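Participant: Below is a structure I'd like to ask you about.
Please treat every number below as a calculation from the coordinates, not as lab data. What you are looking at is a predicted structure, and each value in this text was computed from that prediction instead of being measured. With ideal geometry, Cβ positions are generated from the backbone for all residues, glycine too; neighbour counts draw on all protein chains shown.
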Amino acid sequence: MEANSRVKVGLVGAGNVAAHHARALRTLPFVEIVGIADPDAERARKLAEQFSIPRVYASLQAMAEARPDVIHVLTPPATHAALVLEALDMGCHVLVEKPMAETAADCDRMIERAHEKGLALSVNHSARMDPIVLRALELLRSGALGEITGAEFLRSSDYPAYSGGPAIPPQFRNGSYPFQDLGAHGLYLLEAFLGPIRRAETRYYASGLGDPNLIFDEWRTLVECEKGTGQMYISWNVRPMQNEIVVECTRGVMLVDCYLQTLSIRKVYPAPKPVQRILGAGLNSLAMLWNVTANTIRFATKRLLPSPGIVVSVVKFHEALRKKEAPPVPPEEGRRIIALLEEISRRADADKVRFLAEREPVRQPRILVTGAGGFLGRALVRRLRSAGEPVRVLLRRPPKTPLGDDVHEVYGDLGNPAVVDRAVKGIEIVYHVGAAMKGGPFEFQSGTVWGTRNMVEACARHGVRKLVYVSSMAVVDHAGHKHGVPVTESAPYEPYPERRGLYSQTKLEAEKMVLAATAENRIHAVILRPGQMYGPGTDKAPPGGTIAIAGRWLVAGSGNNRAQLVYIDNVVDALQLAARANVPNGAIFQLVDPEGIRQKDYVEWVRRSGRRVRVTYVPIWFLKFAGWGVELLGRILKRSVPLTPYRVDSLTPVAPCDCSAARTQLGWTSKIGIQEGMARTFPPVLTE
């Protein structure tokens, strides 16, 4: 490659990191991006349009026609080795994203092939090239803080939620993925500050606090290096997000914030200790205020762009290549990190399999309960077990203590068709209680829509005798309901579910899915629509028609509307009756206590139980006015908002609710009435 010639570069992989590489390459006048290869043609096309890349290819092999000089491998780690070897065989220099590969043996093959071909091979250890990290390393080399004794890398993160379907995101497949992803950054950063790692010890934990698909979400590593000891803490639960390096030295402590791109130092001053601390804290605060303000302006004016380390790393690699110098990150460094990751990754993958191992049932169950960890699911499982019925439950993660020998636990996400199929196999009756109750679009798509689709398909495939599906009164048109007109099972559906929110939208889609399958006689199902379920354990829930915000209940109106309640045990009665009843396929039954209770009376029960609750009764017109303002702001910011005039119109509980179908066809009655149910849920505090 001639020093004055233009360098032809091909990108393999059109994921998020590819945009950073393309942006960096655009800053180099001697570089020409000749194409991008990705099996996802649409994703590659969008990136090509964004950066004026002339050609899109389905594979690296197809890209060979463009005769690239350099290939950037930007694909998932499992594909790195094969693609790097292919690129080297094409006669191309290679920059590969971290981690270099999945095994040290693969790294050895890559390094050997590069040496054979006389080509440059480098790994994008971008965090080491972050400008603020380079500045910190230069400061340490100057001796301004004395001798280094130790360092810590603190990082938290999150992953996009699983939206359901057979394509499981890579981060949820192996137990080791989080460590391979961010642990690589931490290890090479600790090496950069402390020298080569001699020994590393890693422990990982399943906290149960975050996404249940990500089993091991807390990682801690202790390393012994040439210049001192280091620690790494990686978490998928710590908020706000952190990406920090703390370096301890004999004459000061340095904090590097890679998110804010700031560096602060606590130094030793010639003064008494208390004065030192006050002086250090004051100077640091002033410096931090200045730096954060300056960087905010730089971000706003796009003089400081996200992931600056990637840009620096790409530029340094190509400048070294042009000068025929060694790459800034030698492949041997990448290999060292993989050797450290490999053993830990293999152990974490095996531990995930053991963690999710299912106990063989003592007796083969004929009943499956989804959502068994929720309020209704737990109550149903208790009732079934008390009758001596073995039960299979589908849980998102193993419980902290086993549920018992008569409970067969199956673990996994409702959105995963393979998990649901495994849970349904050999089952006669399915109580499909599980659904998403919080989160964003991905969580609701996976837990409610995909979960129900998977359940319908599995029931049809395995010939399940009866599916009892728990829907919701939220699928009914609330805003258009005329007060005083009885609500029956044939009441109109919500006409604008997308305006009501994700819960109503996905529950309605799921109910229609079940009905479509029964209309085709693919499954036999009964649908139950309970009102607001209550009972012991729901004492913090406000009555229907209320907005809970910042510890306060905002009741829409005067509080005289009747909350459509149903006691938890009464719902369990209906579930069991529905499983036994000979009713038309696709029958729908509403479940609401016939007496009901006014919102203000519900509040009084809460207060008599001794619980302090702040309640404000807000006129409907005021809420609608506020909703109009919030909706307008959402349109300006192009974001969804929690309050709109339509949602205010939909707050009022639909009443009265006609449950005669459940009484006549199922034989259901509300055995535990409002007064007894409220007394059980909110037991009054006895006073002398």
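Participant: Limiting things to C-alpha atoms, what are the Rg and the maximum Cα-Cα separation (Dmax) for the chain, in angstroms?
Facilitator: In order Rg, Dmax, the Cα atoms of the chain give 30.3, 95 Å.
Participant: Another question about this same structure. Along each principal axis of its Cα atoms, how long is the range 215-324 end to end? Whole angstroms, biggest number first, please.
Facilitator: Principal axes ranked by extent give 53, 39, 37 Å for the Cα atoms.
Participant: If I model a spin label as a point 7 Å beyond the Cα along the Cα-Cβ vector, how far apart are those points for ARG598 and ASN16 in nm?
Facilitator: 5.2 nm
Participant: Moving on. How many nm separate the modelled label positions at LYS512 and ASN237, each set 7 Å beyond the Cα in the direction of the Cβ?
Facilitator: So the two model labels end up 3.9 nm from each other.
Participant: Sequence-distant or interchain residues sharing an amide H contact under 5 Å with GLY434, placed H: which?
Facilitator: Under 5 Å from the amide H of GLY434 lie the amide H atoms of THR370, GLY371, each far enough along the sequence or on another chain.
Participant: As an exercise, find the ratio Rg/Rh for the range 7-124 from alpha-carbon atoms, using the Kirkwood inverse-distance average for Rh.
Facilitator: Using only Cα positions, Rg/Rh for the range 7-124 is 0.94.
Participant: Do the sum for the chain: with -39,500 (n - 2.57) for every DSSP H run of n ≥ 4, divided by all residues, what is the mean residue ellipticity at 222 nm, to the nearest 500 deg cm²/dmol?
Facilitator: Result for the chain, helices only: -11500 deg cm²/dmol.
Participant: Moving on to the next point. What are the residues whose amide H is under 5 Å from the amide H of CYS657, where those residues sit 5 or more places off or on another chain and H is modelled from the backbone?
Facilitator: The list, which skips near neighbours in sequence, is VAL487.
Participant: May I ask you to list, by number, the DSSP H helices of the chain whose Cα span along the axis is at least 18 Å and whose average Kyte-Doolittle hydropathy reaches 0.0 or more?
Facilitator: Sorted by number, the helices that extend far enough and score high enough are 273-300, 308-322, 502-519, 568-580, 620-637.
Participant: Less than 11 Å from a label point 7 Å out along the Cα-to-Cβ axis of ALA626: which backbone N atoms in the range 553-590 qualify, by residue?
Facilitator: Inside the label zone: 553-557.
Participant: With θ set to phi - 60°, apply the Karplus curve 6.51 cos²θ - 1.76 cosθ + 1.60 along the range 170-182 and write out the HN-Hα couplings as whole Hz, x wherever there is a Gly or Pro.
Facilitator: x, 5, 9, 8, 10, x, 8, 3, x, 6, 5, 6, 9
Participant: Of all DSSP beta bridges in the chain, what percent run antiparallel (nearest 5)?
Facilitator: Approximately 40 percent, going by the DSSP bridge assignments.
Participant: Could I ask something else about it? Order these by the 10 Å Cβ neighbour count, fewest first: THR546, THR202.
Facilitator: THR202, THR546
Participant: Further question: Separation between the ASP351 and GLU42 pseudo-spin-labels, each 7 Å from Cα along Cα→Cβ, expressed in nm?
Facilitator: 3.9 nm
Participant: Still on this structure, I have one more. Take the Cβ-Cβ distance between GLU343 and GLU112 as r, set R0 to 25 Å, and report the resulting FRET efficiency rounded to the nearest 0.05.
Facilitator: Rounded to the nearest 0.05, the efficiency is 0.70.
Participant: Please work out, to two decimal places, the log10 of the ratio I(q)/I(0) at q = 0.11, 0.21 Å⁻¹ from a Debye calculation in which every Cα of the range 493-641 carries one identical scatterer.
Facilitator: Once normalised to I(0) and log-transformed, intensities are -0.60, -1.34.
Participant: I would also like to ask the following. First measure r as the distance between the Cβ atoms of GLU226 and ALA326, then evaluate 1/(1 + (r/R0)^6) with R0 = 30 Å and state the FRET efficiency to the nearest 0.05.
Facilitator: The pair GLU226/ALA326 has a calculated efficiency of 0.90.
Participant: Let me ask another. Over 5 Å intervals from 0, what percent of Cα-Cα pairs in the range 151-234 sits in each interval?
Facilitator: 3, 15, 24, 20, 14, 11, 7, 3, 2, 0
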